[in-house]
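Chemist: First, the structure itself, so that you have it in front of you.
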Amino acid sequence: MKITRQKHAKKHLSFFRNNFGVREPYQILLDGTFCQAALRGRIQLREQLPRYLMGETQLCTTRCVLKELETLGKDLYGAKLIAQKCQVRNCPHFKNAVSGSECLLSMIEEGNPHHYFVATQDQNLSMKVKKKPGVPLMFIIQNTIVLDKPSPKTVAFVKAVESGQLVSVHEKQSIKQLKEEQGLVKNPEQRRRKKHKKISGPNPLSCLKKKKKAQDTKSSASEKKRKRKRIRNRSISKVLSEKQNAE
């Protein structure tokens, strides 16, 4: 049974890896129900999850899940201890906390860009996760961890991508990286620099200075003409004076 479970997990992982870019370390978002089931089944998550998924894993949760476990009291104290040992991922509910299921759904919005796995025993949450393509779902059954097969919504999305009707988030990211490497897409910083260059035109003060220089050259030329006239007048007066003296 253990070998067949790992074979199924390997098959499902390769599907998510090839179509949605899921990679190690696998980030697994836990809610309170999954932590409680692991506690009851005496499952060592840090040891068994990497073995089952055959790769490095990161156990994650959110502040909303931790607050929810605190409000539920002593019955879920052990589950709270397990959740507190996980890495806390930032959720958008800083001021007003929401339920754990609502918080986990917000973490996988917009095509699940961080490639989160969702681990839960909540049937309502599981149904909502299955409606979002590209999100691996995990649960515990008979004290064993199970990676669920890709949902019909996920399979339909992959078929639409293969037929060219849709483009996956992973493909969009890879296309963007290729365009940036080939220089087809310009960085916003370069665009800002170019905008600054367009704004900086010829300085109007420099134009005024050029006009003043032209006026200065005209005035200097007129002064030279005046000097020449003065010299001519002086020479003429000298000639007249010399003639008078000779007479």
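Chemist: Quick one: count up the residues across region 67-112 that are within 11 Å of C35 (Cα to Cα) and among the hydrophobic types (A, V, I, L, M, F, W, C).
Modeler: Count: 7.
Chemist: Additional query: Inside region 11-25, can you point out the residues that are touching a residue at least 12 places away in the same chain (Cβ under 8 Å) and surrounded by fewer than 16 Cβ atoms within 10 Å (Cβ to Cβ)?
Modeler: Step one: filter region 11-25 for residues touching a residue at least 12 places away in the same chain (Cβ under 8 Å), giving 12-13, 15-16, 19-25.
Of everything in region 11-25, those that are touching a residue at least 12 places away in the same chain (Cβ under 8 Å) and surrounded by fewer than 16 Cβ atoms within 10 Å (Cβ to Cβ) turn out to be R23, E24, P25.
Chemist: In region 97-114, which residues are surrounded by fewer than 20 Cβ atoms within 10 Å (Cβ to Cβ) and on the phi > 0 side of the Ramachandran plot? Write out each step before concluding.
Modeler: Initially, region 97-114 is screened for residues surrounded by fewer than 20 Cβ atoms within 10 Å (Cβ to Cβ), giving 97-99, 102, 105-106, 109-111, 113-114.
Answer for region 97-114, where residues must be surrounded by fewer than 20 Cβ atoms within 10 Å (Cβ to Cβ) and on the phi > 0 side of the Ramachandran plot: E110, G111.
Chemist: Of the residues that make up region 26-41, is at least one over 24 Å from K128 (Cα atoms), buried (at least 19 other Cβ atoms within 10 Å of the Cβ) and touching a residue at least 40 places away in the same chain (Cβ under 8 Å)? Walk me through how you get there before you give the answer.
Modeler: Step one: of region 26-41, the residues over 24 Å from K128 (Cα atoms) are 39-41.
Add one more test, that the residue is buried (at least 19 other Cβ atoms within 10 Å of the Cβ), and what stays is none.
No, every residue in region 26-41 fails to be over 24 Å from K128 (Cα atoms), buried (at least 19 other Cβ atoms within 10 Å of the Cβ) and touching a residue at least 40 places away in the same chain (Cβ under 8 Å).
Chemist: Tell me which helices (runs of 4 or more DSSP H) are completely within region 61-167 and hold 3 or more residues being touching a Pro at 6+ places or on another chain (Cβ under 6 Å), or say none if there are none. Break it down into steps so the answer makes sense when it comes.
Modeler: On the way: elements: 63-71, 77-84, 100-107, 123-130, 152-162.
Because the criterion is at least 3 residues that are touching a Pro at 6+ places or on another chain (Cβ under 6 Å), the helices (runs of 4 or more DSSP H) in region 61-167 that meet it are 152-162.
Chemist: Determine whether region 49-57 contains at least one residue that is within 18 Å of L137 (Cα to Cα), open to solvent by less than 40 Å² (accessible area, probe 1.4 Å), in contact with a helix residue (DSSP H, G or I) (Cβ under 6 Å, 6 or more places away or on another chain) and outside any helix (DSSP H, G or I).
Modeler: yes
Chemist: Additional query: Kindly indicate the residue of region 130-144 that is β-branched (V, I, T) and over 19 Å from R23 (Cα atoms) and also surrounded by the fewest Cβ atoms within 10 Å (Cβ to Cβ) among those meeting that condition. Talk me through it step by step, then tell me what you get.
Modeler: Filtering region 130-144 for residues β-branched (V, I, T) gives 135, 140-141, 144.
Still in the list and also over 19 Å from R23 (Cα atoms): 140-141, 144.
Values: I140: 20, I141: 10, T144: 14.
Step by step, filter region 130-144, then rank; the result is I141.
Chemist: Turning to a different aspect of this structure: Looking at region 17-30, which of its residues are at pLDDT below 95 and over 21 Å from the mean Cα position of the chain (by Cα)?
Modeler: Matches in region 17-30: N18 only.
Chemist: Take H8 and tell me if it is in contact (Cβ under 8 Å) with a residue 12 or more places away in the chain, over 26 Å from the mean Cα position of the chain (by Cα), over 17 Å from L104 (Cβ atoms) and open to solvent by 100 Å² or more (accessible area, probe 1.4 Å).
Modeler: Numbers: in contact (Cβ under 8 Å) with a residue 12 or more places away in the chain: yes; over 26 Å from the mean Cα position of the chain (by Cα): yes; over 17 Å from L104 (Cβ atoms): yes; open to solvent by 100 Å² or more (accessible area, probe 1.4 Å): yes.
Criteria met by H8.
Chemist: Kindly indicate the residue of region 63-96 that is open to solvent by 50 Å² or more (accessible area, probe 1.4 Å) and of a type in the set (A, V, I, L, M) and also nearest to V161 (Cα to Cα) among those meeting that condition. Give the derivation first.
Modeler: To start, the set of residues in region 63-96 that are open to solvent by 50 Å² or more (accessible area, probe 1.4 Å) comprises 63, 67-68, 70-72, 74-75, 77, 81, 84-85, 87-88, 90, 92, 94-96.
After this cut, where a residue has to be of a type in the set (A, V, I, L, M) as well, the list is 72, 81, 88.
On the way: L72: 43, L81: 42, V88: 33 Å.
Ranking the candidates gives V88 first.
The values are calculated or read from the model by the stated rules, or taken from the named source; none is laboratory data. Just so it is clear, the model here is predicted, and its values are computed rather than measured. Cβ sites come from the backbone with ideal geometry, for glycine too, and all protein chains shown count toward neighbours. We work out accessible area using only protein heavy atoms, side chains counted, and drop any ligands, DNA or RNA first. Shrake-Rupley method; radii C 1.70, N 1.55, O 1.52, S 1.80 Å.
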